[in-house]
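S.K.: This is the structure I have questions about; it appears just below.
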Amino acid sequence: MIALTALLLHVTPAFAGTIPPAERPSVAPILHQVTPGVVSIATKKVEVINDPRLRDPRMRELFDIPEQALRRETQSAGSGVIIDAALGYVLTNDHVVKGVTSVEVITKDNRRFKAQLIGRDQATDIALLRIKADNLSAIPLGDSDYIEVGDFVLAIGNPFGLGQTVTSGIVSALGRTGLGIEGYEDFIQTDAAINPGNSGGALVTLDGRLVGINTAILSRTGGNVGIGFAIPINMARMVMTQLVTSGEVKRGRIGVTLRTVGVRAPELGHSAELEGAMIEAVEPQSPAAVAGITKGDVVLAANNVAIKSPSQFRNYIGLMPVGSEIDLRVKRGGDLLSAKVRVEASAAAPKPSQRARRE
């Protein structure tokens, strides 16, 4: 026994010092920078109890049940990201703060602040809060248009109310749509674990840039199975700009119907496969018609942002401020053309039809 103890005392220091901390493969240095910018969000909500017996005033009188028993206060937790330390702006999901009576933001160093709701947008599931606090740390915004499938990412949030938690994975897919989670969808898919309470948390790259706001998972069991979704930060930034300006998002349109271009379309002058959004129809007297856009045109770029799908272009138009102009690069047959289109107000945002689970 004495010999074994002596052996352990002899070899342990050698093993401990084999790889110096500075040389170990680790994302800890990045996390030291970004985790102070991720907060927990505690909310309270008053819910109406759906019990026919309690709704009947005679039953309440018979059993001496007060009317306030019809309502109960519930608490829930989510996550958020500080995106402007000076102004105290915090991005989160709309479903985290929807219908709540109070919102409290808890920073990583355990300071608690009452939050003001600047605005919320159900169609993109984005909400913007503001807190009055000093010594905040914001996460630098990245450019979600330049991430690629295979990029390593970190998901940071407050799952199950445990406190700040970090998971890692890769970007599994881009431009995910048709999930019925939101009206405007262009999700980053990741296998970094996202669980209940992660909603509104950060998806960051290994250079410490915020590229997404975690929002939902696809799961048959309700638990994480490696298919999570985040709202691209470029979409969230467009929503945030309008929320800061007017407290709401006004939808834009240009008066076109779109179709996918991933096939040859020789009848429209396109003999090769293209990425973009093909114009299926143009409304008369619409902004697109005034700009000279016609059926069969393929939109390749908008304001120098490459357009890869109809859903991406629809989202881009819908989130542009009403009255702004979009510079389009269009392919018509064998020609490349430019057009300037003014965005007009849309009647309503598309409604989701739930397929995935918000977290």
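The values are calculated or read from the model by the stated rules, or taken from the named source; none is laboratory data. Here the structure is a predicted model, which means the values were calculated and not measured. When we count neighbours, we look across all protein chains shown, and the Cβ atoms used for this are built from the backbone with ideal geometry, even at glycine.
S.K.: Filter segment 108-131 down to the residues that are among the β-branched types (Val, Ile, Thr) and part of a strand (DSSP E or B), then identify the one that is farthest from THR215 (Cα to Cα).
M.R.: ILE118
S.K.: Among the listed residues ASP134, ASP186, which satisfies the condition of being among the charged types (D, E, K, R) and farther than 15 Å from PRO232 by Cα?
M.R.: After ruling out the rest, the residue left standing is ASP134.
S.K.: Consider only pairs whose beta carbons are under 6 Å apart and that are at least six residues apart or on different chains; among these, list those whose first residue lies in segment 24-49 and is within 24 Å of ASP94 (Cβ to Cβ) and at pLDDT 85 or above and whose second residue is acidic (Asp, Glu) and surrounded by 13 or more Cβ atoms within 10 Å (Cβ to Cβ).
M.R.: Note: pairs meeting the criteria are ALA42/GLU104.
S.K.: Tell me which residues, restricted to segment 292-336, are in a loop (DSSP other than H, G, I, E, B) and touching a residue at least 60 places away in the same chain (Cβ under 8 Å).
M.R.: Once the filter is applied, which keeps residues that are in a loop (DSSP other than H, G, I, E, B) and touching a residue at least 60 places away in the same chain (Cβ under 8 Å), segment 292-336 yields LYS308, SER309, MET320, PRO321, VAL322, SER324, GLY333, GLY334.
S.K.: In segment 72-101, how many are assigned to a strand (DSSP E or B) and either under 20 Å from the mean Cα position of the chain (by Cα) or at pLDDT 90 or above (or both)?
M.R.: 13
S.K.: Within segment 114-150, restricting attention to residues that are in contact (Cβ under 8 Å) with a residue 24 or more places away in the chain and acidic (Asp, Glu), which residue is farthest from VAL96 (Cα to Cα)?
M.R.: Residue satisfying both the conditions and the ranking: GLU148.
S.K.: Has segment 132-145 got at least one residue that is of a type in the set (Val, Ile, Thr), modelled with pLDDT of 95 or more, in a loop (DSSP other than H, G, I, E, B) and under 26 Å from HIS32 (Cα atoms)?
M.R.: Filtering segment 132-145 down to residues of a type in the set (Val, Ile, Thr) leaves 139.
Next, only the ones that are modelled with pLDDT of 95 or more stay: 139.
Those still in the list that are in a loop (DSSP other than H, G, I, E, B) too: 139.
In the following step, the residues that additionally are under 26 Å from HIS32 (Cα atoms) were identified as 139.
So far as segment 132-145 goes, yes, one or more of its residues are of a type in the set (Val, Ile, Thr), modelled with pLDDT of 95 or more, in a loop (DSSP other than H, G, I, E, B) and under 26 Å from HIS32 (Cα atoms).
S.K.: Suppose we filter LEU300, LEU206 for residues that are in contact with a helix residue (DSSP H, G or I) (Cβ under 7 Å, 6 or more places away or on another chain), modelled with pLDDT of 85 or more and not charged (D, E, K, R); which single one remains?
M.R.: Every option except LEU206 fails the conditions.
S.K.: Among the residues that make up segment 336-345, is at least one of them at pLDDT below 85 and either farther than 30 Å from ILE194 by Cβ or surrounded by 12 or more Cβ atoms within 10 Å (Cβ to Cβ) (or both)?
M.R.: Within segment 336-345 (the criterion being at pLDDT below 85 and either farther than 30 Å from ILE194 by Cβ or surrounded by 12 or more Cβ atoms within 10 Å (Cβ to Cβ) (or both)), the answer is no, since none of the residues qualifies.
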